[in-house]
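Report on the following structure.
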Amino acid sequence: MNDGSHSRSGSVDLSGSRRLVIKIGSALLVDEESGDIKRRWLEALSEDIAWFRGRKIDVIVVSSGAIAVGRRHLGFAPGPLRLEEKQAAAATGQIRLAHAYQETLAKHQITVAQVLLTLSDTEERRRHLNARTTLNSLLKLGAVPVINENDTVATEEIRFGDNDRLAARVAAMISADALVLLSDIDGLYTGDPRKERSARLIPEVRELTPEIENMAGNAPPGYSSGGMVTKLNAARIAMAAGCRMAITDGRVQHPLQAIIKGARCTWFLPSAEPKAARKQWIAGALKPKGRIVVDSGALAALRQGRSLLPAGVTAVEGRFERGDSVVVCNAEGLEIARGLIAYSAKDARLIMGHKSREIADLLGFRGRDEMIHRDDLVLS
């Protein structure tokens, strides 16, 4: 922990990111009185996003605001809403929210894709894989996914702070190396700066100790951000995935450029890079559901850092589904790797020993060319 009074972004280079996730709170995006989207602020943010995209940096936006926008258009009175009212507000607000992003980013020739998720979509393995594949495809095609919770079907998820955690889950899902939470406060303090004049900003956190957690306190009443507690929960998820995370004041114009220029913020810094953290998770955190036996050619390819193709598989053992962890063995039965398989056991048995171009004929659909992609495989 570094408890200096200023945070300079020079120690953490946001512009050097490969993949960046930005979380936007409802209060930053939507005017509390009118329920209108703050177009000038959004246009400035869009310029920041375009700056990153121009440097070949993938950007994903996790945006709150659908309920705040929709409730005014449906004529709900100020005050708390019932669950069904929140869902109705989200249904109409999401259309306006997505259109606003589409309009502002189109000025920079950037395509926007709307993606609605719940936390369970990031936790249940097969839905997680489907969401990750979709997001990776969109990024490869140059689009900027704009993600919000699927509030019209969510129940427990609709509460303050969930988009902090959702953003962290998304960052972990796509192996992002940076997550920025745009908030109404410029970072983590030793105490509540609204109450304690002696409270100091913490520029860097490398471990979420009990001391750090105690600094979060409780969420102030009426704050849409959910307070610092949810942000520390997001930091725990991000850091475990090897993703660094910043909390900064998003109320300024061009908040991302502000970080690069040295705006005050708190950085949460992991001990491992995203790919390294993901590999550690695959290697040790998952219980294998089956076993794949490969020939000498496939073994040599794996040791050269390549993916496992169906042609090199000689046997499939166990009962598993797409996305499950499996052990990869050589002909003598010795474990040589572990990985997340792209096919169920049934389908894997049908395509083993065959060329990737034959998959569609064998299964009736075109799946991945690789049985286990190299990004999903760790040598033992």
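The values are calculated or read from the model by the stated rules, or taken from the named source; none is laboratory data. What you see is a predicted model; the values in this text were computed from it and never measured. Glycine gets a Cβ as well: all are built from the backbone with ideal geometry, and neighbour counts include every protein chain shown. For the accessible areas, the whole protein counts, side chains as well, though only heavy atoms, and no ligand, DNA or RNA atoms are used. Shrake-Rupley method; radii C 1.70, N 1.55, O 1.52, S 1.80 Å.
Within the range 291-314, being open to solvent by less than 60 Å² (accessible area, probe 1.4 Å), part of a strand (DSSP E or B) and touching a helix residue (DSSP H, G or I) at 6+ places or on another chain (Cβ under 9 Å) holds for ILE292, VAL294, LEU308, VAL313.
Within the range 46-64, being in a strand (DSSP E or B) and under 16 Å from LEU182 (Cα atoms) holds for VAL59, ILE60, VAL61, VAL62, SER63.
Keeping to the range 262-276, report how many residues are surrounded by fewer than 20 Cβ atoms within 10 Å (Cβ to Cβ) and either within 15 Å of ARG338 (Cβ to Cβ) or not hydroxyl-bearing (Ser, Thr, Tyr) (or both). The number of residues fulfilling the criteria is 7. With the structure loaded, tell me whether GLY191 is at pLDDT 85 or above and farther than 27 Å from ILE260 by Cβ or whether it fails that test. Taking the combined requirement at face value, the residue satisfies it.
Looking at the structure I just gave you, is GLU43 open to solvent by 30 Å² or more (accessible area, probe 1.4 Å) and either touching a residue at least 40 places away in the same chain (Cβ under 8 Å) or part of a strand (DSSP E or B) (or both)? In short, yes. Listed conditions (1) open to solvent by 70 Å² or more (accessible area, probe 1.4 Å); (2) closer than 30 Å to ALA199 by Cα; (3) not in a loop (DSSP other than H, G, I, E, B) are all met by VAL21, apart from (1). Among the conditions (1) under 29 Å from the mean Cα position of the chain (by Cα); (2) at pLDDT 95 or above; (3) open to solvent by 60 Å² or more (accessible area, probe 1.4 Å); (4) hydrophobic (A, V, I, L, M, F, W, C), the only one that MET371 does not satisfy is (3).
The lone criterion from (1) without any contact (Cβ under 8 Å) to a residue 60 or more places away in the chain; (2) crowded, with 18+ Cβ neighbours inside 10 Å; (3) under 28 Å from ALA276 (Cα atoms) left unmet by LEU334 is number (2). Of the helices (runs of 4 or more DSSP H) that lie entirely inside the range 96-209, those containing 2 or more residues that are touching a helix residue (DSSP H, G or I) at 6+ places or on another chain (Cβ under 6 Å) and of a type in the set (Gly, Ala, Ser) span 162-173. The set of residues from the range 331-373 being among the basic types (Lys, Arg), under 19 Å from ARG132 (Cβ atoms) and assigned to a loop (DSSP other than H, G, I, E, B) comprises ARG366, ARG368.
Residues that are crowded, with 18+ Cβ neighbours inside 10 Å, in contact (Cβ under 8 Å) with a residue 24 or more places away in the chain and part of a helix (DSSP H, G or I) within the range 241-261 comprise PRO255, LEU256, GLN257, ILE259, listed in sequence order.
Just one residue in the set ALA219, ALA199, ALA172 is under 14 Å from the mean Cα position of the chain (by Cα) and either open to solvent by less than 60 Å² (accessible area, probe 1.4 Å) or modelled with pLDDT of 90 or more (or both); that residue is ALA172.
Each row is one residue, and each column tells you yes or no for (1) in contact (Cβ under 8 Å) with a residue 24 or more places away in the chain; (2) within 30 Å of ARG368 (Cα to Cα); (3) surrounded by fewer than 23 Cβ atoms within 10 Å (Cβ to Cβ); (4) of a type in the set (A, V, I, L, M, F, W, C).
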{"residue": "GLY35", "(1), (2), (3), (4)": "yes, no, yes, no"}
{"residue": "GLU47", "(1), (2), (3), (4)": "yes, no, yes, no"}
{"residue": "ALA91", "(1), (2), (3), (4)": "yes, no, yes, yes"}
{"residue": "ALA113", "(1), (2), (3), (4)": "yes, yes, yes, yes"}
{"residue": "LEU116", "(1), (2), (3), (4)": "yes, yes, yes, yes"}
{"residue": "LEU119", "(1), (2), (3), (4)": "yes, yes, yes, yes"}
{"residue": "GLU124", "(1), (2), (3), (4)": "no, yes, yes, no"}
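Just to be sure before I move on: is GLY305 small (Gly, Ala, Ser), over 30 Å from GLU358 (Cα atoms) and touching a residue at least 40 places away in the same chain (Cβ under 8 Å) in the structure I sent? Considered against the rule, which asks whether it is small (Gly, Ala, Ser), over 30 Å from GLU358 (Cα atoms) and touching a residue at least 40 places away in the same chain (Cβ under 8 Å), GLY305 comes out as no.
When we screen ALA77, ALA66 for residues that are under 18 Å from SER34 (Cβ atoms), touching a residue at least 60 places away in the same chain (Cβ under 8 Å) and either more than 19 Å from the chain's Cα centre (by Cα) or surrounded by 15 or more Cβ atoms within 10 Å (Cβ to Cβ) (or both), the only hit is ALA66.
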